[in-house]
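K.L.:
Dumping the structure here so I can ask a few things about it.
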Amino acid sequence: MAGAVKVKVCKEAKEVAEQAAQMIAKAIKANPRMVLGLATGSTPEGTYAELAKMHKAKEVSFAGITTFNLDEYWGLDGDHDQSYRYFMNTRLFEKVDVRPWNTNVLNGAATNPMLECQAFETKILASGGVDLWLLGIGGNGHIAFNEPGSSVDSRTRLVSLTQSTIDANSDGRFFKKASDVPRCALSTGIGTIREARSIVLLATGEKKAQAVADAVNGAFSPDCPASLLQDHPACTFVVDEAAASLLKK
Ligand code: PGA
């Protein structure tokens, strides 16, 4: 399938963060009640810092928006300092004026994961659907915790993490050792993500170069979950030069 993904190449990670923050702020200004999808991981941290700065400078208000996050580790409750709820609270939510009750992160400590995932999907629908979903990409091409092999129409569910994801998240940035990383997560599906009206995927650094090239230039295939965004009508990859280095010219 021909790639319809737009790619913006920035010189370095700082510029990726600035571009992404500008895109989000613009979307909020156009619709102050928008539904914003969010991601965790190292890559969006700079974007969240930029948005917090813009909010402090009174350039953007999050007071009317609703947010949904991509995923959460299964077995961690929101107070755990490696949970994605904690990540979002400390990196963004506590630094801006978003209403806490309008922020939605899957509950990794829910007693029934299936009900938790279904309720999350229902809430996205009830909110009118996601206007813009910010994504990262794994070195193995995953989006959210949809590991290679995930189907194009997958929905929010309990998933197992691959060893490469466990290793990537225990390199000292987050968990200190692989045995500390939960083996499972609750993750929005690729079908869930594809329903967003627009998608902005961020990638920085050479470790992402192969995944970015496979996603943009490779086959439309579950082997590279991010390639399943190729036919999305409004998907932009914002990447630095290192992450863009294997893209076809
Ligand atoms: P990272 O993770 O931003 O920490 O590299 C991205 C991802 O795994 O989706």
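K.L.:
Quick check on my filter: what residues within segment 207-224 are away from the ligand (no atom under 12 Å from the Cβ), surrounded by fewer than 23 Cβ atoms within 10 Å (Cβ to Cβ) and either in a helix (DSSP H, G or I) or small (Gly, Ala, Ser) (or both)?
P.N.:
Correct list: Ala209, Gln210, Ala213, Asp214, Asn217, Gly218, Ala219, Ser221.
K.L.:
Then there's this: How many of the residues in segment 125-157 are outside any loop (DSSP other than H, G, I, E, B) and crowded, with 16+ Cβ neighbours inside 10 Å?
P.N.:
We begin by selecting, within segment 125-157, every residue outside any loop (DSSP other than H, G, I, E, B); these are 125-126, 132-135, 143, 146, 157.
After this cut, where a residue has to be crowded, with 16+ Cβ neighbours inside 10 Å as well, the list is 132-135, 143, 146, 157.
The qualifying residues number 7.
K.L.:
List, please: which pairs have Cβ atoms under 6 Å, are six or more places apart or on different chains, and start with a residue in segment 28-43 that is touching a residue at least 24 places away in the same chain (Cβ under 8 Å) and end with one that is assigned to a helix (DSSP H, G or I) and within 13 Å of the ligand (Cβ to nearest atom)?
P.N.:
As it stands, the answer is Thr40/Tyr84; Thr40/Phe87, since those pairs meet every condition given.
K.L.:
Sticking with this one: Failed condition for Lys177, given (1) away from the ligand (no atom under 14 Å from the Cβ); (2) modelled with pLDDT of 95 or more, with all others met?
P.N.:
Failing condition for Lys177: (2).
K.L.:
Could you tell me whether any residue of segment 169-191 is within 30 Å of Gly64 (Cβ to Cβ) and surrounded by fewer than 20 Cβ atoms within 10 Å (Cβ to Cβ)?
P.N.:
First, pick out the residues of segment 169-191 that are within 30 Å of Gly64 (Cβ to Cβ): 185-191.
So of that shortlist, the ones also surrounded by fewer than 20 Cβ atoms within 10 Å (Cβ to Cβ) come out as 191.
Within segment 169-191 (the criterion being within 30 Å of Gly64 (Cβ to Cβ) and surrounded by fewer than 20 Cβ atoms within 10 Å (Cβ to Cβ)), the answer is yes, since at least one residue qualifies.
K.L.:
I'm trying to understand the selection: among the residues of segment 154-170, which are closer than 13 Å to Arg183 by Cβ, touching a strand residue (DSSP E or B) at 6+ places or on another chain (Cβ under 9 Å) and more than 12 Å from the ligand (Cβ to nearest atom)?
P.N.:
Leu158, Val159, Ser160, listed by residue number.
K.L.:
Name the pairs whose Cβ atoms lie under 7 Å apart, with the first residue in segment 113-139 and within 16 Å of the ligand (Cβ to nearest atom), the second of a type in the set (Lys, Arg) and not in a loop (DSSP other than H, G, I, E, B), and 6 or more positions between them or separate chains?
P.N.:
Ile137/Lys208; Gly139/Lys207; Gly139/Lys208
The values are calculated or read from the model by the stated rules, or taken from the named source; none is laboratory data. Treat the numbers as computed from the prediction; the structure is a model and nothing was measured. So basically every Cβ, Gly included, is an ideal-geometry build from the backbone, and we count neighbours across all protein chains shown.
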